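Notes follow the structure.
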Ligand SMILES: CC(=O)CC(=O)SCCNC(=O)CCNC(=O)[C@H](O)C(C)(C)COP(=O)(O)OP(=O)(O)OC[C@H]1O[C@@H](n2cnc3c(N)ncnc32)[C@H](O)[C@@H]1OP(=O)(O)O
Ligand SMILES: NC(=O)C1=CN([C@@H]2O[C@H](COP(=O)(O)OP(=O)(O)OC[C@H]3O[C@@H](n4cnc5c(N)ncnc54)[C@H](OP(=O)(O)O)[C@@H]3O)[C@@H](O)[C@H]2O)C=CC1
């Protein structure tokens, strides 16, 4: 099956990046969100990120205009029914995703491939809740999408070989590299990365170090491009906590227990960069550690 049009659900940090790279690779993109404001912000951010690519000589003004012209937004989920491929990138909560797939069901064409950008939730279970489990897959982009090379492809036990092969080709057209992961909680990248972040929060909670010393240690001592707490803020602390909960429940091992301090930050609504406060406070000119 040839994919030409792509529907993206959720215009948050992942949804806007996914729309950006698909439009740049020549696909027609239809982006939706429950919030009109999120759609406006996403379009402004895509334009800004494309401008940055122009200023660094990675793309041209003409290509940028073409890419922006390929992205349309809608507040009506049903409009995505006409797309060849739908990528769900809404909040990391299973109930939200299940409801979205139910709402979309009467509007989808029979051949449309439905995917989720979930960071952790069982693809087999999500697929079972749709009427097209053989055309359902995990399609996991990394943040920031325009920069990160990897895309994880996760097959549920029902996913057909044809669906997998189609998405493998799509990843190649984006100039990215696909990695196949089996459908276990949080797949490969987050199975390893998010417990490392959770451990950094434990180190903070137990007073082994403060925000700055923990981040500096991992940047200078392990050559990570961002410290683990900076990266947690970048991903979103709500998303990190959801992933830890999926690991904890799905693997039933206490080593995945979410750190109580991570829970407390999420309860405070300090979700990281997207709300300007997390382990750092981003409201001033420079990020200031909160501990
Ligand atoms: C939670 C999940 O489910 C899975 C995940 O995604 S886990 C998160 C995975 N991501 C990471 O681990 C990111 C770790 N951090 C990094 O790799 C780097 O800090 C970074 C690439 C984000 C920024 O690198 P940097 O050297 O500090 O910044 P900078 O030199 O300004 O930018 C590097 C490039 O990123 C681009 N960029 C930076 N932030 C961006 C953003 N938010 N959106 C789009 N592009 C961005 C810049 O335009 C630049 O592009 P070019 O190389 O094409 O010119
Ligand atoms: N952050 C990351 O680094 C990564 C995240 N992911 C995954 O991508 C998905 C999105 O994450 P991310 O972009 O960070 O999250 P964000 O919180 O930035 O964005 C989620 C967006 O989805 C919207 N939304 C919520 N419910 C609905 C709905 N019913 N219909 C349409 N839109 C809805 C939200 O609107 P509102 O704000 O109004 O609720 C918000 O705009 C999650 O599954 C996450 O696990 C995958 C890779 C990396």
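Taking the listed residues 13, 24, 53, the one that is within 19 Å of the chain's Cα centre (by Cα) and more than 8 Å from ligand 2 (Cβ to nearest atom) is 24, with no other qualifying.
Among the residues examined, residue 236 qualifies as within 16 Å of ligand 2 (Cβ to nearest atom), closer than 23 Å to residue 9 by Cα, touching a residue at least 12 places away in the same chain (Cβ under 8 Å) and not assigned by the TED database to the domain that holds residue 113. In the stretch 168-196, the residue that is nearest to ligand 1 (Cβ to nearest atom) out of those that are on the phi < 0 side of the Ramachandran plot and buried (at least 22 other Cβ atoms within 10 Å of the Cβ) is 190.
In the list 159, 124, which residue meets the criterion of being assigned by the TED database to the domain that holds residue 13, modelled with pLDDT of 95 or more, away from ligand 1 (no atom under 12 Å from the Cβ) and in a loop (DSSP other than H, G, I, E, B)?
Working: 124 fails: in a loop (DSSP other than H, G, I, E, B).
Just one listed residue meets the conditions, 159.
Are any of the residues in the stretch 212-223 within 16 Å of ligand 2 (Cβ to nearest atom), in contact with a helix residue (DSSP H, G or I) (Cβ under 9 Å, 6 or more places away or on another chain) and not assigned by the TED database to the domain that holds residue 141? No, the stretch 212-223 has no match at all. Here is a check on your reading of the model: is residue 145 within 15 Å of ligand 2 (Cβ to nearest atom) and in a loop (DSSP other than H, G, I, E, B)? It is true that residue 145 is within 15 Å of ligand 2 (Cβ to nearest atom) and in a loop (DSSP other than H, G, I, E, B).
Could you check the stretch 122-140 and list, in sequence order, the residues that are within 16 Å of ligand 2 (Cβ to nearest atom) and surrounded by fewer than 23 Cβ atoms within 10 Å (Cβ to Cβ)? Lay out the reasoning, then the answer.
So the first thing to find is which residues in the stretch 122-140 are within 16 Å of ligand 2 (Cβ to nearest atom), and the list is 122-123, 125-127, 129-130, 136-140.
Listed by number, the residues that qualify are 122, 125, 129, 130.
The residues of the stretch 71-96 that are more than 14 Å from ligand 1 (Cβ to nearest atom) and buried (at least 19 other Cβ atoms within 10 Å of the Cβ), listed by number, are 71, 73, 80, 83, 84, 85, 86. If only residues of the stretch 265-281 that are surrounded by 13 or more Cβ atoms within 10 Å (Cβ to Cβ) and free of Cβ contacts under 8 Å to residues at least 12 places away in the same chain are counted, the one that is nearest to residue 212 (Cα to Cα) is 281.
Within the stretch 254-264, the set of residues being touching a residue at least 60 places away in the same chain (Cβ under 8 Å) and surrounded by 15 or more Cβ atoms within 10 Å (Cβ to Cβ) comprises 256, 258, 259, 261, 262.
The values are calculated or read from the model by the stated rules, or taken from the named source; none is laboratory data. The shown structure was predicted, so the numbers you read here are calculated from the model rather than taken from an experiment. Neighbour counts run over all protein chains shown; Cβ positions are idealised from the backbone, glycine included.
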